[in-house]
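Accompanying notes for the structure given below.
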Amino acid sequence: MTHLSIAQKALGAEVAVRSAPYFPRKKKAITGRSIAVIVFLSICALFFCVPLYVVITTSFKTMEQIREGAMFALPNVWTLEAWDHAWNSACSGTRCEGLKVGFWNSVYILIPSLILSIGLSIITGYALALWNVKWAGPFLFVLFICAFVPFQIIMFPLISMTAAMKVYGSIWGVAIIHAILAMPVLTLIFRNYYKDIPQEIMSAAVMDSGSFWKIFFEIILPMSGNILIVVLILQITSIWNDYLIGVTFGGLGGQPMTVNLANLITISTGTVRYNDNMAAALLTAIPPLVIYFFVGKLFVQGITAGAIKG
Amino acid sequence: MPRVSFEHITKTYGTLTVLDDLNLAIDDGDFLVLLGPSGCGKTTLLNLLAGLLDVTDGRIMIGDRDVTDLDPKDRGLAMVFQSYALYPTKTVHGNLKFGLSASKLPREEIEKRIAWAAKLLQIEPLLNRKPGQLSGGQRQRVAIGRALVKNVGVFLFDEPLSNLDAKLRTEMRLEIKKLHDQLKSTVVYVTHDQIEAMTMATKIAVMNGGVIQQFGTPDEIYERPSNLFVAGFIGSPAMNLRKAKLSVAAGKIEAVFTSGVRLDVSDYPFAHPPLDGAEVIAGLRPEHFTLAATGPVAATFDVPVQYAERTGPDASAYFRFEDDLLALRVEPDAAARLNPGQSMAVSYIKGKANLFDARTGQRM
Amino acid sequence: MTFRWSRWSPQLALVPAGLVTLVAFIGAILWTVYLSLTRSRRLPEYEIDWSEWGRQYERLFKDSAWQISLQNLIVLGLGSALAIVFGFILAAMIDREKRGESIFRTVFLYPLAISLIVTGAAWRWMFNPELGVEHFIHSIGLTWVNASWLARPETAMYGVILASVWQSAGFYMALMLAGLKSINSEIWSAARLDGVGLFRLYTEIIIPMMKFTFVTCAILLSLGVIKAYDVIVAMTNGGPGQSTYVPAYFTIQALSAKGNLGFASAAAVVMLLITAVIFLPLVLLTAWQQRRSGART
């Protein structure tokens, strides 16, 4: 997990999917103060963009140009050589097959992780929010605490358990651990969302059908569109960006892309090929960035909406 | 055999007792209205019958079946909710169909019932719409339709009209009444609106504080309220309740108000022989006063007009009597002629007074 | 009461999550706590020598790398707090000056979407001693500037802090922005009528009104700092020397590189305790909030 992702999700713990009210604004005349503010914000924006700019330009440069040391210069010759190298033949540890191995591992990890983590938590959240179950209150409290437990305190036991289940060092091991670690927060998110479903709808459904599963699939799941998308985005980005679980449970065969990248940038023998490194970093960053730029609003909603509630 | 009966029902939440040893039985075809102020336990009682809540103690029978431990879907009931509780992601057709999902009916039978209910409620053109595209009245019809398709003997309504505007409410009231007459089903209907209760019910159970205060036909409840709560709760403007002392003399029983006005109650059907000097509370309905003393009169009050209110076809006048206001129903024309401050002689029709024991609050 | 299947299916649906909580969280925590009392090295040992049950903890607090880790935790925490301040300034400016809000928001938030390994890789490259920003600054004549922070033990932590602030400032901005938007717009008008200066308006009215948001941010930041691991791996790997060790890194290092299970468990338990200390106010805050909202309804 990235060090903020738990916190981000915890914020989502009270997600009520709602967007900030969007007031139409009056056009104001530009004052001196406005200009100063915009200039300041633009400088800050520059600060935020510089690393991205450097990474992108570096990835298109040749090593000859990089060695000249003009970090902020545009590439003399734009070349995809580094991208090709990063994707196909960069070394991660002893294997030199590029990041494509990690990319596909990440994809294979992502799919079962998503299914397991969302499946487990949506059902739990549904049962806790809409059915009269015993110990719901204490259970929620324990989940709330579990959401903040540092990974290190459960790391060794989880390694032992997954080893005993013979999934340690495989994609499945990583996926199961993702599902387990995400369960408390996602359950709280779903539970809080479902809590807002009118009680009478549940009463009607109980009188009409009475079946826990039928009500879930026919009534509740179709009503969960918003929250599902928010959670899906949250999970895709946090699983894709995860390093710690991947490196701990992936073994040699199930290492996600971030682990490949970390190996590439930290364990370097001989001359370091910075353009390869930056291309690899970009390759790793592209999937979540694409999501962010396309559905950024939902992404932000997922990580912030709940935190301000109250 | 009663259609629905509650036997010794107790419901507690922790230490809070909502219903305590409640008994109530209604016959097949009855339209029972559970009437009371909010928090009186009427909705709890309905939810217990529906199976949405569990009884703490006691037994609920529907027909000759003990349903106390049955799931809601197995009780042979259908329910209409205050907020309609339509499934927002399903079409009207889907909403009606989901109501039948517990029954393992063949597809043709399901479609037949949906068509029947849609026709009955005139919602056929709406079948493919989602609830979000319907008006309040249409949603209400769909909610009723979802109950109708189940083809059950007992329908439950939980304040179904309170989210509608006044005009629609009157319309739907009639419609529900019509449906009841047509289908001959048994209805349990919860409301806090006495007009709904008086117009629709065949039986009313007035509840307060988890206790049934009176159970009877609308007329009985209105004409002969069994205690002060029912007397004060039913009727608008409310019944005038005034302290008085009985004066029992040969051949004549009178209630004497503190100001000395005497109300003749000789013809009052006392349950027990009245005692002279007994403290009572006299209940006088606003509509049993007259401004022109014609016919037999029980008492005449000489009181000043405080103000008058016209509500279109009707009017109320308020007179100052002793320390309080006396509400009267008057003709709108007469109301217009009343001048505040002017003293008038107001008569109460003979044989219409209600008397309650001041100590117990029970009807005498 | 007769058995009713319908009552049990919701209860049964909780079993998987209940088992996960019981085994993977509660059980695992107890297991680690137990291990921290044993002499386990590479493999777990389950005998506790009660005469010196705290020996792993004693060793831990004598360990210089752990002391550095704790110091760095505080440094990182204080340094990252800049992200809250920075986030608030950005939010306040965006909120007052509505022009370009969505562009600025998008720019300030994008670092949050990418992996900290990528963030670390980018900043590691920026801080490259030979070819990075320092080279550029020297090339424009400012040869006295020292910008290859990661290469020196005294400054390496500042590099990590800079990257963390860069990564998370947008997040706090988003929280603050939502907090600011929930403030009644009449307050601005009222303040203008009263002729209150902008600085006083913020320090005396707006910030006190947003204390809840600030507390939330501070707690989330602290919890994030304790978990800080990826960014250390990607930027410094704990180095130079052990100068950028933090508890999360130390613990995993003790387990995987040194293979010292009992020792690592003790460090993990201390991490848990630190989390609990930070977490306690959050629990109280939530309880208080619930009571407040309960009183409202």
Worksheet item: Within the range C:276-289, how many residues turn out to be at the interface with another protein chain (Cβ under 7 Å from one of its Cβ atoms) and touching a helix residue (DSSP H, G or I) at 6+ places or on another chain (Cβ under 6 Å)?
Response: 0
Practice prompt. Kindly provide the set of residues from the range B:227-255 that are small (Gly, Ala, Ser) and either closer than 23 Å to residue B:323 by Cα or surrounded by 19 or more Cβ atoms within 10 Å (Cβ to Cβ) (or both), ordered by number.
Written response: B:231, B:232, B:235, B:236, B:238, B:244, B:247, B:255
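Tell me, which helices (runs of 4 or more DSSP H) lie completely within the range C:1-64 with 2 or more residues that are within 13 Å of chain A (Cβ to nearest Cβ) and either over 30 Å from residue B:71 (Cβ atoms) or hydroxyl-bearing (Ser, Thr, Tyr) (or both)?
C:5-13, C:28-35
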Worksheet item: In the range C:1-46, what count of residues is obtained for those that are in contact (Cβ under 8 Å) with a residue 12 or more places away in the chain and basic (Lys, Arg)?
Response: 3
Response to the item:
Within the range C:100-124, of all residues that are over 23 Å from the mean Cα position of the chain (by Cα) and either in a loop (DSSP other than H, G, I, E, B) or within 7 Å of another protein chain (Cβ to nearest Cβ) (or both), the one modelled with the highest pLDDT is C:104
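Residues checked against (1) within 14 Å of chain C (Cβ to nearest Cβ); (2) surrounded by fewer than 19 Cβ atoms within 10 Å (Cβ to Cβ); (3) over 19 Å from residue A:179 (Cα atoms):
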{"site": "A:64", "(1), (2), (3)": "yes, yes, yes"}
{"site": "A:89", "(1), (2), (3)": "no, yes, yes"}
{"site": "A:99", "(1), (2), (3)": "yes, no, yes"}
{"site": "A:114", "(1), (2), (3)": "no, no, no"}
{"site": "A:142", "(1), (2), (3)": "yes, yes, no"}
Worksheet item: Any chance the range B:130-142 includes a residue that's in a helix (DSSP H, G or I) and in contact with a strand residue (DSSP E or B) (Cβ under 9 Å, 6 or more places away or on another chain)?
Response: yes
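Within the range C:211-251, take every residue that is part of a helix (DSSP H, G or I) and over 17 Å from the mean Cα position of the chain (by Cα) and give me the one that is nearest to the other protein chains (Cβ to nearest Cβ). So that I can check it myself, show each step before the final result.
Going residue by residue through the range C:211-251, those that are part of a helix (DSSP H, G or I) are C:211-227, C:230-235, C:247-251.
Checking which are over 17 Å from the mean Cα position of the chain (by Cα) leaves us with C:211-212.
Values: C:211: 13, C:212: 7 Å.
It comes out as C:212.
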Fill in: helices (runs of 4 or more DSSP H) enclosed by the range A:202-296 - at least 1 residues per element that are within 30 Å of residue B:74 (Cα to Cα)
A:212-215
Worksheet item: Tell me, which residue of the range B:16-72 that is of a type in the set (Lys, Arg) and in contact with a strand residue (DSSP E or B) (Cβ under 7 Å, 6 or more places away or on another chain) is nearest to the other protein chains (Cβ to nearest Cβ)?
Response: B:59
Worksheet entry | Boolean, residue C:97 is of a type in the set (D, E, K, R), closer than 19 Å to residue C:163 by Cβ and at pLDDT below 90 | no
Practice prompt. Go through the residues of the range A:212-235 one by one and say whether even a single one is open to solvent by 20 Å² or more (accessible area, probe 1.4 Å), more than 10 Å from chain C (Cβ to nearest Cβ) and of a type in the set (S, T, N, Q).
Written response: yes
Practice prompt. Please indicate, with yes or no, whether at least one residue in the range C:143-153 is within 9 Å of chain A (Cβ to nearest Cβ) and either surrounded by fewer than 18 Cβ atoms within 10 Å (Cβ to Cβ) or part of a loop (DSSP other than H, G, I, E, B) (or both).
Written response: no
Worksheet item: Looking at B:105, B:148, B:120, which one is more than 14 Å from chain A (Cβ to nearest Cβ) and either at negative phi or touching a residue at least 12 places away in the same chain (Cβ under 8 Å) (or both)?
Response: B:120
Worksheet item: Do you know which of the residues in the range A:245-295 that are more than 7 Å from every other protein chain (Cβ to nearest Cβ) and of a type in the set (Ser, Thr, Tyr) is least open to solvent (accessible area, probe 1.4 Å)?
Response: A:248
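The values are calculated or read from the model by the stated rules, or taken from the named source; none is laboratory data. What you are looking at is a predicted structure, and each value in this text was computed from that prediction instead of being measured. Cβ sites come from the backbone with ideal geometry, for glycine too, and all protein chains shown count toward neighbours. Accessible surface is based on the protein model in full, side chains and every heavy atom, while ligands, DNA and RNA are left aside. Shrake-Rupley method; radii C 1.70, N 1.55, O 1.52, S 1.80 Å.
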